[in-house]
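Report on one structure; see the data block that follows.
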Number of protein chains: 2
Amino acid sequence: MTDQMYRVALASRPSGAPTTENFRYEPVPMPEPAEGEVLVRVHYMSLDPYMRGRMDDAKSYAAPVPIGGTMEAGAVGEVIASNSPAFKPGDFAFGMFGWATHGCLPAKMLRKIDPDQAPITTSLGVLGMPGFTGWQGLMEYGRPKAGETLVVAAATGPVGSMVGQVARLMGLRTVGIAGGADKCRMATETFGFDDCLDHRAYATAKDLRAALSDACPDGIDIYFENVGGKVLEAVIPLMNNFGRIPICGMIAWYDAGGLGAGAAAEGLSAPALWRNILVKFLSVNGFIISNHWNRFPTFLNEIAPKVASGEIKYVEDVAEGLENAPATFMSMLKGGNHGKQIVKVI
Amino acid sequence: MTDQMYRVALASRPSGAPTTENFRYEPVPMPEPAEGEVLVRVHYMSLDPYMRGRMDDAKSYAAPVPIGGTMEAGAVGEVIASNSPAFKPGDFAFGMFGWATHGCLPAKMLRKIDPDQAPITTSLGVLGMPGFTGWQGLMEYGRPKAGETLVVAAATGPVGSMVGQVARLMGLRTVGIAGGADKCRMATETFGFDDCLDHRAYATAKDLRAALSDACPDGIDIYFENVGGKVLEAVIPLMNNFGRIPICGMIAWYDAGGLGAGAAAEGLSAPALWRNILVKFLSVNGFIISNHWNRFPTFLNEIAPKVASGEIKYVEDVAEGLENAPATFMSMLKGGNHGKQIVKVI
């Protein structure tokens, strides 16, 4: 075992979109597992939009990554040393190891992964936090009913594709929004969306709204919100009475940082948003998946068999090398990924 | 029985705050009850903020009053002619008779009122639509828990005073917001709020927020929304994680009409509002009480005895004369009323 490992640290906080200078790839000493801890050699690491939020020091639901700290990430790998009876070398484990080649965490913070049941990468996407986020937000706050219409953006991402597929299996009309014709084809052909609109093809929220209106002839009952911005502005006037909006993210607005009065709201004002919630009796719920882990076993029981049978599909986009994680992350925030973004670390 | 009655019609749609020219007080022929209908001589009529919305033709949850149509209102009076076995002359009935001295409606659209159980005016306020709105919104969407903190504006109005009193009886800390020192005293002394802030004493949302922060040392768990504007802007950053915001109105923004992009949002942008919902896991629900009438018997069962015993207090502000309804209404929209605004018609 070498005495050093590599990691990506937060070098400085971004103003606006992150740049290369905000990250630092560097060697650090290899940790040794203390009593109850487990050392893991990371094979695959997850990249997710929420990490953009952790780079800011705005008050949020999670503490920011400190300057000089390791960027946060879920990752999966092989146990190479264990000081806990719960894990032995050769086991596979998922944990919040960060952007790093190795991670050392208490056994109770790890989840054992069976590599014979599904590819270990699925623990980062379709059967991990993103897939669970889509399922849980849809079921608890979307409250889907057969015959209704659902809209979700980032439709080919691991959250949006789960939302769309679960809703379709429950008998809803599903309309995705994605960036580019390729992704829209993936949304309808691979993930079975009834329709998918390329938001890049519409210059304004108004244009996008007109297209959405055609794609949703009965209006929108559930808007699963993960992007904000132009899509939200297009969707809001199309919401039906008693519509539901689970909010798990707003990637379009992340670079606005603290999002004070100056943040770009384009054609949507706070009063207009508030008024729509009132006059259409909307139910809007923000959530973070970390408050819902008690439902994770139910999710796995329901969804893992459907993934195994192919009823629920997933697409992964695997980049190579931890040193490329910053560039991959920056590209993902602009929609450069096709499916769940993963970094192969080993 | 004379062959004419009086009403107030909508003469024109307001742009901004309503003015005298928007209303027309006029005689119209006395209706005769058709089969199944009941003719009522109105004694008291209700004035409520929602009526401002009916004067606009913006898409909303209810059809606008047509130009030349009778202004909408709930009212209570004595049956003077009946073509239905359900009512006989001398009975008292509540119905949507509008701004008028008389009203003729099908018996099934009326609610019989027992004048011996409570003053008939209570059917317009504490035991009518406004009190029910406060109770239902609080119970279903506020989900109050002992030890939490609740904030409501228009704290001495019939909605806010019900919300505050029910929450206090359930063991919450209740903080009201009202316009003027008199109303604040009424809120604490009559309605038992733990504290009440005079929004007129704070020039900006930021100043109001600082005072609210002092009044709510443990943050805000429930904000019962009926005003919008500066109060909303002050409250949002003080909301606790998992906070709830039932929305039943936004009187501060009614004059903005359609509330498009140009509506005054002051220091609160749509993205900032949306971000707060996400990062604090807020639950925001718009509602209109007309979708909840199935719960009205439960409300009366629970609250009428508490009103009779004096555990729940109410204050009524009675103006004289239907011809004065427009001026009273305009004054009420600016906060000129002290307690539930009623017009004595007979």
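Key figures for this structure:
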{"item": "Among A:Trp99, A:Trp274, A:Trp293, residue whose mean-square fluctuation peaks in a GNM of chain A (springs only between Cα atoms under 10 Å)", "result": "A:Trp274"}
{"item": "Cysteines in the protein assembly as shown lacking a second Cys C-beta under 4.7 Å", "result": "A:Cys104, A:Cys216, A:Cys248, B:Cys104, B:Cys216, B:Cys248"}
{"item": "Relative contact order %, chain B, counting alpha carbon pairs below 8 Å whose residues are six or more apart", "result": "17 percent"}
{"item": "Unsatisfied cross-links (Cα-Cα over 22 Å) in the set A:Lys230/A:Lys280; B:Lys108/B:Lys344; A:Lys280/B:Lys112; B:Lys145/B:Lys280; A:Lys108/B:Lys145", "result": "B:Lys108/B:Lys344; A:Lys280/B:Lys112; A:Lys108/B:Lys145"}
{"item": "Residues A:Phe224, A:Phe329, B:Phe87 arranged by fewest to most Cβ contacts within 10 Å", "result": "B:Phe87, A:Phe329, A:Phe224"}
{"item": "Proxy reagent accessibility, fewest Cβ within 10 Å first, across B:Ile120, B:Ile303", "result": "B:Ile120, B:Ile303"}
{"item": "Within 10 Å of each Cβ in A:243-250, the average number of Cβ atoms from other chains", "result": "3"}
{"item": "Charge tally in the Cβ shell below 13 Å around B:Ala100, where Lys, Arg are +1 and Asp, Glu are -1, B:Ala100 excluded", "result": "0"}
{"item": "Calculated from backbone phi, Karplus (6.51, -1.76, 1.60) coupling profile of the stretch A:230-239 in Hz, x at Gly/Pro", "result": "4, 5, 4, 4, 6, 6, 3, x, 8, 5"}
{"item": "Shape call, the stretch B:188-236: gyration tensor on alpha carbons, a/c limit 1.5", "result": "rounded"}
{"item": "Across the identical copies, how the B:Pro27 labels are spaced - nm, sorted shortest first, 7 Å along Cα→Cβ", "result": "10.2"}
{"item": "Cα shape, the stretch A:129-289, gyration tensor, a/c 1.5 rule", "result": "rounded"}
{"item": "Charge dipole magnitude, Cβ of K and R +1, D and E -1 - the stretch A:129-289, Cα centre, debye nearest 20", "result": "240 debye"}
{"item": "Among A:Gly229, A:Gly267, A:Tyr141 - extreme Cα towards positive end, dipole of the stretch A:129-289, charges at beta-carbon", "result": "A:Tyr141"}
{"item": "Copy-to-copy label separations for B:Asp3, where each label sits 7 Å from Cα toward Cβ, in nm and ascending", "result": "11.2"}
{"item": "Tensor-based shape of chain B (alpha-carbon gyration tensor, a/c under 1.5 rounded, otherwise prolate or oblate)", "result": "prolate"}
{"item": "Phi-based couplings in Hz for the stretch A:18-31 (Karplus 6.51, -1.76, 1.60; Gly and Pro marked x)", "result": "x, 10, 3, 5, 6, 10, 9, 8, 7, x, 9, x, 5, x"}
{"item": "Other copies of A:Ala63: label-to-label distances in nm, shortest first, labels 7 Å along the beta-carbon direction", "result": "6.0"}
{"item": "Ordering of A:24-32, A:214-222 by burial proxy (mean other Cβ atoms within 10 Å per residue, highest first)", "result": "A:214-222, A:24-32"}
{"item": "Beta bridges by DSSP in the protein assembly as shown, antiparallel share as percent, to the nearest 5", "result": "60 percent"}
{"item": "C-alpha center-to-center spacing [the stretch A:1-30, the stretch B:95-158] in angstrom", "result": "60 Å"}
{"item": "Student exercise, the protein assembly as shown dipole from Lys, Arg, Asp, Glu Cβ charges, in Debye to nearest 20", "result": "120 debye"}
{"item": "Inter-chain shielding of A:284-294 (mean C-beta neighbours from other protein chains, 10 Å cut-off)", "result": "4"}
{"item": "Between the stretch B:220-246 and the stretch B:309-346, the alpha-carbon center distance in angstrom", "result": "27 Å"}
{"item": "Percent antiparallel among DSSP beta bridges (both partners in chain A, rounded to 5)", "result": "55 percent"}
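A short reminder: the numbers here are calculations on the coordinates, not readings from a lab. Note that the structure is a prediction, hence the values are computed from the model and not measured. For neighbour counting, all protein chains shown are included, and Cβ atoms are generated from backbone atoms with ideal geometry for every residue, glycine included.
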